[in-house]
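Below: the structure, in structure tokens.
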Amino acid sequence: MVVDSAWALPVFFFSLLAAVEQEPSRALAGSVVMAVLLPLLMVFRRRYPDITTVAAVALGLVQVALQIPPNFSSLAYLVFAYTGAAFGASWTSRLALAAGVAAGPLTVWRFQDGPSENSKWLQVVFLSTLMTTPFILCWAWGRLTRVRRAYLIELEDRAARLERERDAQSKVAVAAERARIARELHDVVAHNVSVMIVQADGAAYVLDNSPQQAKEALGTIASTGRQALVEMRRLLGVLRTADTAEEYVPQPGVEELPELLDQVRAAGLPVEYSTTGEPAELPRGVELTVYRIVQEALTNVRKHGGPDARARVAVDFRDRDLEVLIEDDGRGTTAEQLAAGGSDGQGHGLIGMRERIGMVSGSLDIGPRPGGGFRIRAVLPLKPAK
């Protein structure tokens, strides 16, 4: 309203000056009223575009009907042709266009002195077109302003929507990263701590009768603890800056399986290991998935297989997929633990396996083994050779 008032003020001043300079006549009062009302409507034109445009059209019809001659205040009609098209409703825009088209012919018909018969119609058409053109141009300018404003609003809405989507994607990425870190922590801690517990129990059992075996068990505990510490440091390094995170990401693979099995055997669980097919280079995601599945499965055997359990790990390299089979002849996981979805009853064991398999679009078969024990079979698809 401040800006519109600044534009209305000179219109009011010059319109009033032109009205009072007229010779006293019946139109003087009407000119003064127009000089006051039209600038006043200009002040509120953007706050109430529909009402002010209709009022301006009504004042124009009154001016034509009462034969109040046009003066400087008539410039306000151009402003309302723009206002109706730029800020008003659709019906207001059509009203402004109709009034602008009719303004020229009505003005010529009402205020033009009668020309000669030979040039009458030519002059009427020319003057009507000449006086209508500014109204049409102002109306078109208003429509262009409306379209540009709608386009900018759409761009702002799109930017806000993209920002919200980006925030949502960031939250999903953070949640996925936290879940991945939780799975890695569970695998590292569960495996290494279970080894340390088994070795500590064995060392306590043979401490008096066989100090040498107790010493070897304590050495295994120390080396396992150091390995767990290294893996946890690498894992927590993911939370560091992007420049250094790459070297801390824990990605053991199939090549590290013999080392893992040696550690499990040292903890007292006999494990057979075999591979079939032609070994091939695997994607890092598949490598890590195979390692973690074998690690978690052997940890479950130590927990639930019993004292005389034996395990077997078989890796079969095929053309289009990789099969990993881990089975044991122990007591196996109880039905309650299997229904809970994890070996520890908290859903972190077997559910973690399913999540890892799902990330590489593989399949997982978990269940009791015929003849006793437990079996885990995972099939991981490989990219076809080019």
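The values are calculated or read from the model by the stated rules, or taken from the named source; none is laboratory data. In this text the structure is predicted, and so the values were computed from the model without any measurement. For neighbour counting, all protein chains shown are included, and Cβ atoms are generated from backbone atoms with ideal geometry for every residue, glycine included.
Does GLY142 satisfy being at negative phi, among the small types (Gly, Ala, Ser) and modelled with pLDDT of 90 or more? For GLY142, the condition - at negative phi, among the small types (Gly, Ala, Ser) and modelled with pLDDT of 90 or more - is met. Restricting attention to the stretch 55-84, the residues that are within 29 Å of VAL147 (Cα to Cα) and touching a Leu at 6+ places or on another chain (Cβ under 7 Å) total 7. Quick check on the stretch 328-364: of everything there that is farther than 22 Å from VAL379 by Cα and assigned to a loop (DSSP other than H, G, I, E, B), which residue is modelled with the highest pLDDT? Among those residues, the one meeting the criterion is GLY330.
Scanning the stretch 26-56 for residues that are without any contact (Cβ under 8 Å) to a residue 12 or more places away in the chain and not in a helix (DSSP H, G or I) turns up just one, TYR48.
Of the residues in the stretch 315-323, at least one is at pLDDT below 85 and in contact with a Gly (Cβ under 9 Å, 6 or more places away or on another chain).
Residues checked against (1) of a type outside the set (Val, Ile, Thr); (2) within 18 Å of ALA86 (Cβ to Cβ); (3) free of Cβ contacts under 8 Å to residues at least 12 places away in the same chain:
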{"position": "LEU127", "(1), (2), (3)": "yes, no, no"}
{"position": "LEU130", "(1), (2), (3)": "yes, no, no"}
{"position": "PHE135", "(1), (2), (3)": "yes, yes, no"}
{"position": "TRP139", "(1), (2), (3)": "yes, yes, no"}
{"position": "ARG148", "(1), (2), (3)": "yes, yes, yes"}
{"position": "LEU152", "(1), (2), (3)": "yes, yes, yes"}
{"position": "ASP157", "(1), (2), (3)": "yes, no, yes"}
{"position": "GLU163", "(1), (2), (3)": "yes, no, yes"}
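One residue stands out among those in the stretch 1-28 that are over 14 Å from LEU75 (Cβ atoms) and among the hydroxyl-bearing types (Ser, Thr, Tyr): the one that is modelled with the lowest pLDDT, which is SER25.
Going residue by residue through the stretch 261-276, is there one that turns out to be of a type in the set (Ser, Thr, Tyr), surrounded by 14 or more Cβ atoms within 10 Å (Cβ to Cβ), at pLDDT 75 or above and touching a Leu at 6+ places or on another chain (Cβ under 8 Å)? Within the stretch 261-276 (the criterion being of a type in the set (Ser, Thr, Tyr), surrounded by 14 or more Cβ atoms within 10 Å (Cβ to Cβ), at pLDDT 75 or above and touching a Leu at 6+ places or on another chain (Cβ under 8 Å)), the answer is yes, since at least one residue qualifies.
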